[in-house]
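Participant: Below: one structure in structure tokens.
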Amino acid sequence: MLKENDKNISTFRKIACNTLLFFPVVLSALLLVAHFKKAGLIPLVILSLLIPLALFIKKNMVAKIVQIMLILGAIEWIRTTIVIINKRLANGEDWIRVAIILGTVAVFTFCSGMLFSWSRSLKKIYDIEK
């Protein structure tokens with residue numbers, strides 16, 4: 001009985017840890033959805049909404065596509081940061097807070113994409129070669 005309980009606890013821990021690995025990826029995708037929606041870029045909204053759904057397909061190619069999309073999303077956050085900073089500088093407004101916030105979002109989005117290269121669990125789930 002005790003061994004069965006230990007096995008159930010171990011399985012629960014594995015599921016919980018894997019779920020936590022997906023959280024940054026999903027959050028990054030949702031932040032991109034909000035960003036593209038505000039800009040009125042509906043095709044990119046739809047594409048960003050597909051990222052979390054694609055995670056259910058446990059294929060190597062899907063992981064690579066999601067990773068590339070998130071890295072491109074990080075580049076978009078950097079581009080947006082530069083545009084907003086330039087507007088604020090032109091208007092004589094404070095720009096440091098925007099740089100910190102959007103810079104953090106860019107780094108978070110980049111790291112979310114890189115989880116597919118850094119995490120042994122995700123490499124195993126998506127059968128990513130070393």
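No value in this document is a laboratory result; all are computed from the given coordinates. No experiment lies behind these values; they were computed from the predicted model shown. Ideal geometry is used to build each Cβ from the backbone, glycine not excepted, and the neighbour counts take in all protein chains shown.
Participant: Is there any pair with a first residue in the stretch 71-86 that is without any contact (Cβ under 8 Å) to a residue 60 or more places away in the chain and a second that is of a type in the set (S, T, N, Q) and surrounded by fewer than 16 Cβ atoms within 10 Å (Cβ to Cβ) whose Cβ atoms are under 6 Å apart and which are 6 or more apart or on different chains, and what are they?
Facilitator: If the second residue must be of a type in the set (S, T, N, Q) and surrounded by fewer than 16 Cβ atoms within 10 Å (Cβ to Cβ), no pairs are left.
Condition check ((1) in contact with a His (Cβ under 9 Å, 6 or more places away or on another chain); (2) not β-branched (Val, Ile, Thr)) across all residues:
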position	(1), (2)
Ile65	no, no
Leu70	no, yes
Thr80	yes, no
Val83	no, no
Trp95	no, yes
Lys124	no, yes
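Participant: I'm checking my understanding of the structure. Among residues of the stretch 55-70 that are buried (at least 17 other Cβ atoms within 10 Å of the Cβ) and among the aliphatic types (A, V, I, L, M), which one is nearest to Ser117 (Cα to Cα)?
Facilitator: Top of the filtered list is Ala63.
Participant: Looking at the stretch 102-130, which of the residues that are in contact with a helix residue (DSSP H, G or I) (Cβ under 9 Å, 6 or more places away or on another chain) and of a type in the set (Lys, Arg) is surrounded by the fewest Cβ atoms within 10 Å (Cβ to Cβ)?
Facilitator: Out of the qualifying residues, it is Lys130.
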